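A short worksheet on the structure shown next.
The values are calculated or read from the model by the stated rules, or taken from the named source; none is laboratory data. None of these values were measured; they are calculated from a predicted model. Heads up, the Cβs are rebuilt from the backbone with ideal geometry, glycines too, and the neighbour counts pull from every protein chain shown.
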Amino acid sequence: MLGVCYYPEHWPEVWWPDDARRMREMGISFVRIGEFAWSRYEPRRGQYEWEWLDRAIDVLGKAGLKVVLGTPTATPPKWLLDEYPEIAPVDAHGNIRGFGSRRHYTFSSEIYRDESCRIVEIMALRYGQNPAIVGWQTDNEYGCHDTVLSWGREDLKAFQAWLRRNYQTTDQLNEAWGNVFWSMEVQDFEQISLPNLAVTEANPAARLDFWRFQSSQVASYNKLQCDIIRKHSPGRWITHNFMGFFNEFDHWPVGEQIDIASWDSYPTGFVERFPFSEEERNRWAETSHPDIAPFHHDLYRGVGRGRFWVMEQQPGPVNWAPWNPVPKPGMIRLWTWEALAHGAEVVSYFRWRQATSAQEQMHSGLNLPGLSELSVGGQEATRTGKELQEIGSLPDTEQAPVAIVYDYEAYWMTRIQPHAADFRYEELVFHFYESARRLGLDVDLVPPGASLEGYKLVLVPSLPHVSEKALKAFENAKGFVLYGPRSGSRTRNGATPEGLAPGPLRELAGLRITQVSSLRPGLSDPVKGKASGLGIRWREYAETGATVLAKFANGDPALTAKNKHHYLACLPDEKLLGNVMAHICRQAGLKTTKLPPHIRLRRRGKYIFAFNYGDKPWKASNLGKVILGSNLVAPQAVAIWRASSKTDK
């Protein structure tokens, strides 16, 4: 259940056997290699040097390690950029993003697609049936460093072709985009320009389609690699390593192409990326927030259709955040067990040994830069490996009682026209997740339109465009459903729906939104009733025939219910969201446990896990037989119980 990312090309070959032996002694079973080594595979066009990789795979395999081989397409070599400079991405200001780091390609370059297929096929033919190879990783972190949206000539040409396929005539495109506004109509697809460098705001419908187009380019590029690997490497699985808090492309379609989803978990670094208050950032700086890693475990378990890895687990301080503290003692072990509790098949640490040069030399590894000296994180990983051997295999994960509908297009739509500078889709979803988890609930994340069968509670933090498939799923839901602000507020093309928001949800929710108000910082609207608190940042004015459960100060409905469908007409503060969540959980018949802010629970089969992110011990009671730790869970510690028949419900 443990793995590590290894770069044999970075270290003397005489070190490899000792590295492999020590990996096995630590309890490591899987090793990912090769994803950044194109210049070592092919230093000049057509000059291949595979022998070093042959030997590395042989050393790892003979040590009993299972190899995950990465395709090297995230880092095209310099000679390829020199031959075809047009493969480089272009930023929104028209500047070429050149060679010297990584991800220096646009997904729209046909030349780069051909070159990627060429190198992947050569690798798959050479290593596809090597007994040490058990799986493949395509590329590395699609879209990292803001590289999904590219604005060059290659992108324009591909975008025009995509629009021609999707709209067929410019009349249909003009109608869909509302191009009669500001005289934006076109008579030929070649007249279409990219939605950047305009005098003022570009057409939001054009921006939305451009985002959809670029997202589809990521998916089609990934499929090219998957098809080649499956052809030449039968019986091996394929993954891609996604990132945290990254919504620039739709992950659900890519997840359908791979066998296992994986993601790169850097909990303390993500504290700096998320819009927490400074007080919260300081509180969680050395442990991370208790829901950052779990949120992504549950998301990528969904993207992987029940199967996921952590491909890169933070083993100590990272190097890329504005501030990079050393995690508190015990956190590497806690994060590892937490990933396993949420269903991870493997937790793979990044990286085996701290680099001594280039961009990542401040990033920690399981080992210090020398030959064989474990870091603090390496010591914790070793302890976890021994614990895993003692406990043995974990039971399968089961469907959670709560589902959150997660929609990448909702992020795009609210980014394109936020209407409030601080309306952030990802933050709203995260706080819905956090609120449920603070009640001790397990959560699944599902795409719009997925079956909601078996869920007692479905949370829809915001879903501006409700497709026919999504509407059908809501209509068929047997459990309670809570819709958040802006749900049903846009058509697929980003227009206002007929009859106003919530559009297709009007019958289910029993209300109509006539106005919306964005509230600047410092303004709020009190809410009282079955749930009390404040509406902040965003407030909607509703007409309703549904039951009003809570009202704004002026008497307008804030929380409504029609049968099992609830609507929350504002962006809630922590208190209001917690009260709404508690109320609807009671209505849904969910058994909840109000947890301290620093404690989280998770179930995997009959195993119950507790994680303490705080500085005070937490006493658990009546959770079953202790398997690991104790009923008094120390700070930065883990406890596991096997539930009895009376406690596993």
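For (1) of a type outside the set (Asp, Glu); (2) assigned to a helix (DSSP H, G or I); (3) out of contact with any Cys (no Cβ under 7 Å at 6 or more places or on another chain); (4) without any contact (Cβ under 8 Å) to a residue 40 or more places away in the chain, each residue gets a yes or a no:
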| site | (1), (2), (3), (4) |
| --- | --- |
| Glu540 | no, no, no, no |
| Val548 | yes, no, yes, yes |
| Leu559 | yes, no, yes, yes |
| Leu576 | yes, yes, yes, no |
| Ile584 | yes, yes, yes, no |
| Gln587 | yes, yes, yes, no |
- Query: Only one of (1) at pLDDT below 95; (2) assigned to a helix (DSSP H, G or I) fails for Ser393. Which number is that?
  - Reply: (2)
- Of all residues in region 481-521, count the ones that are among the charged types (D, E, K, R), farther than 13 Å from Leu568 by Cβ and assigned to a loop (DSSP other than H, G, I, E, B). 3
- Query: Among the helices (runs of 4 or more DSSP H) confined wholly to region 96-177, which include 3 or more residues that are of a type in the set (D, E, K, R), surrounded by fewer than 14 Cβ atoms within 10 Å (Cβ to Cβ) and at pLDDT 95 or above?
  - Reply: 110-127
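One line per residue, one yes/no per condition, for (1) within 20 Å of Ala92 (Cβ to Cβ); (2) in contact (Cβ under 8 Å) with a residue 24 or more places away in the chain; (3) in contact with a Leu (Cβ under 9 Å, 6 or more places away or on another chain); (4) acidic (Asp, Glu):
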residue	(1), (2), (3), (4)
Trp151	yes, yes, yes, no
Gly178	no, yes, no, no
Glu190	no, yes, no, yes
Pro204	yes, yes, no, no
Val218	yes, yes, no, no
Tyr221	no, yes, no, no
Cys226	no, yes, no, no
Val254	no, yes, no, no
Gln257	no, yes, no, no
- Query: When both residues are 6+ apart or on different chains and their Cβ atoms are under 7 Å apart, which pairs have a first residue that lies in region 37-50 and is closer than 20 Å to Asp139 by Cβ and in the same structural domain as Lys78 (by TED's automatic domain parsing), and a second that is assigned to a loop (DSSP other than H, G, I, E, B) and at pLDDT below 95?
  - Reply: none
- Among strands (runs of 3 or more DSSP E) lying entirely in region 593-648, which contain 3 or more residues that are among the hydrophobic types (A, V, I, L, M, F, W, C)? 607-612, 625-628, 638-642
- Note on Val31: of the conditions (1) surrounded by 19 or more Cβ atoms within 10 Å (Cβ to Cβ); (2) not in a strand (DSSP E or B), unmet is (2)
- Among the residues of region 257-270, is any in contact with a Lys or Arg (Cβ under 8 Å, 6 or more places away or on another chain) and in a helix (DSSP H, G or I)? yes
- Message: Quick check on region 364-378: of everything there that is under 28 Å from the mean Cα position of the chain (by Cα) and not in a loop (DSSP other than H, G, I, E, B), which residue is surrounded by the fewest Cβ atoms within 10 Å (Cβ to Cβ)?
- Response: Val376
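Considering only residues that are assigned to a helix (DSSP H, G or I), more than 30 Å from Arg230 (Cα to Cα) and modelled with pLDDT of 95 or more, which ones fall in region 273-297?
Within region 273-297, Glu278, Glu279, Glu280, Arg281, Asn282, Arg283, Trp284, Ile292, Ala293, Pro294, Phe295 meet the criteria.
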- All-but-one check, Thr200 against (1) surrounded by 11 or more Cβ atoms within 10 Å (Cβ to Cβ); (2) out of contact with any helix residue (DSSP H, G or I) (no Cβ under 7 Å at 6 or more places or on another chain), failing number (1)
- Query: Going through region 1-18 one residue at a time, which ones are modelled with pLDDT of 95 or more and closer than 19 Å to Ile332 by Cβ?
  - Reply: Leu2, Gly3, Val4, Cys5, Tyr6
- Task: All but one of (1) closer than 21 Å to Leu628 by Cβ; (2) surrounded by fewer than 24 Cβ atoms within 10 Å (Cβ to Cβ) hold for Val326, so report the exception by its number.
- Result: (1)
